[in-house]
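Here is the structure we will look at, set down as structure tokens.
The values are calculated or read from the model by the stated rules, or taken from the named source; none is laboratory data. Nothing here was measured: the structure is a model prediction, and the numbers come from that model. So basically every Cβ, Gly included, is an ideal-geometry build from the backbone, and we count neighbours across all protein chains shown. When the accessible area is computed, the model is the full protein with side chains, heavy atoms only, and any ligands, DNA or RNA have been set aside. Shrake-Rupley method; radii C 1.70, N 1.55, O 1.52, S 1.80 Å.
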Amino acid sequence: MPGYARRGVHGQTVEALAHRVLGGTLAEGTTLDLTALQQELGVSLTALRESLKVLAAKGMIDARQKRGTFIRPRTDWNLLDADVLRWQFQIATASAGASTGAAPGAGAETSAALPLLRDLEEVRGIVEPAAVRLAAQRRTAEDLAALDDALAAMGTADDGAQEAVEADLAFHRALLAASHNELLERMERVITTGLAARDRLVHGPGHHPVDPVPSHRAVLDAVRARDPRGAETAMRRLLAQAAQDLAELRGTGHEH
């Protein structure tokens, strides 16, 4: 999927348009008035068209003769695209903060992002236990080194720091890579994009989740020992703890 530069006029225009589409300001089926959009966003028509191409590549808009440029049905959108996922989390948390005056990481933001977080948990529950079974069978010395490095970084990062989030993402990327299944490796885009948003909420100010190192070390130990069943069991325990962290963030005390 074509990427784009997030900085500069082009990146800002792409983000502004994407937020309007995903947030419903530009509803499905709406035909865009390009001249009005150009004036409203303060960009050239060329810049606007280039930005629309990015959203077209993600299945969100289309252009046809006689009809013009329009918003495609949500069923056509590439919801697994990393940018689309990131935008959805941004919209969910920003709208909650704006409506309540809550600070970033507050409970209202968690509630707004809940449907996405629930979907993420279900996808992880399907993908990651199976992926670590393969990782336990196929891991290489290079895979173990990457996992060791990520776990070490997780252990030294301050709780709530960006380094903690990055270390967690690196660990889960390395696990998917260790499966040596190219399609599973591509799931990294979905899992780590959502996981980054989830980590920032769970590890935000005022929240103190359980130390993640022991549960991640248990997964790594089983992968190192070439124990597929043990790796799957350890991963399911890790995911259960992740669900509990979210439940406590929402103040429910349990997940389901």
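Within the range 161-181, the set of residues being open to solvent by 30 Å² or more (accessible area, probe 1.4 Å), under 22 Å from Ala222 (Cα atoms) and either of a type outside the set (A, V, I, L, M, F, W, C) or in contact (Cβ under 8 Å) with a residue 60 or more places away in the chain (or both) comprises Arg173, His180, Asn181. Restricting Gly59, Gly24, Gly29 to residues that are touching a residue at least 40 places away in the same chain (Cβ under 8 Å) and either outside any loop (DSSP other than H, G, I, E, B) or not assigned by the TED database to the domain that holds Val190 (or both) narrows the list to Gly29.
State whether one or more residues within the range 213-226 are modelled with pLDDT under 95, among the polar types (S, T, N, Q) and within 20 Å of Met154 (Cβ to Cβ). Within the range 213-226 (the criterion being modelled with pLDDT under 95, among the polar types (S, T, N, Q) and within 20 Å of Met154 (Cβ to Cβ)), the answer is no, since none of the residues qualifies.
Condition check ((1) assigned by the TED database to the domain that holds Asp221; (2) open to solvent by less than 50 Å² (accessible area, probe 1.4 Å); (3) of a type in the set (Val, Ile, Thr)) across all residues:
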{"site": "Asp119", "(1), (2), (3)": "yes, no, no"}
{"site": "Ala136", "(1), (2), (3)": "yes, yes, no"}
{"site": "Arg139", "(1), (2), (3)": "yes, yes, no"}
{"site": "Val190", "(1), (2), (3)": "yes, yes, yes"}
{"site": "Leu201", "(1), (2), (3)": "yes, yes, no"}
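Name the pairs: first residue in the range 74-94 and hydroxyl-bearing (Ser, Thr, Tyr), second residue in a helix (DSSP H, G or I) and crowded, with 20+ Cβ neighbours inside 10 Å, Cβ to Cβ under 7 Å, at least 6 apart or on different chains? Taking only residues 6 or more apart or on different chains, the pairs are Thr93/Glu109; Thr93/Ala112; Thr93/Ala113. Summed over the range 63-122, the residues that are at pLDDT below 65 and farther than 18 Å from Gly194 by Cα give a count of 7. When we screen Glu166, Glu182 for residues that are assigned by the TED database to the domain that holds Ala222 and under 21 Å from Val210 (Cβ atoms), the only hit is Glu166. Out of (1) part of a helix (DSSP H, G or I); (2) surrounded by fewer than 19 Cβ atoms within 10 Å (Cβ to Cβ); (3) at pLDDT 70 or above, the odd one out for Asp158 is which? Checking Asp158 against (1) part of a helix (DSSP H, G or I); (2) surrounded by fewer than 19 Cβ atoms within 10 Å (Cβ to Cβ); (3) at pLDDT 70 or above, the one that fails is (1).
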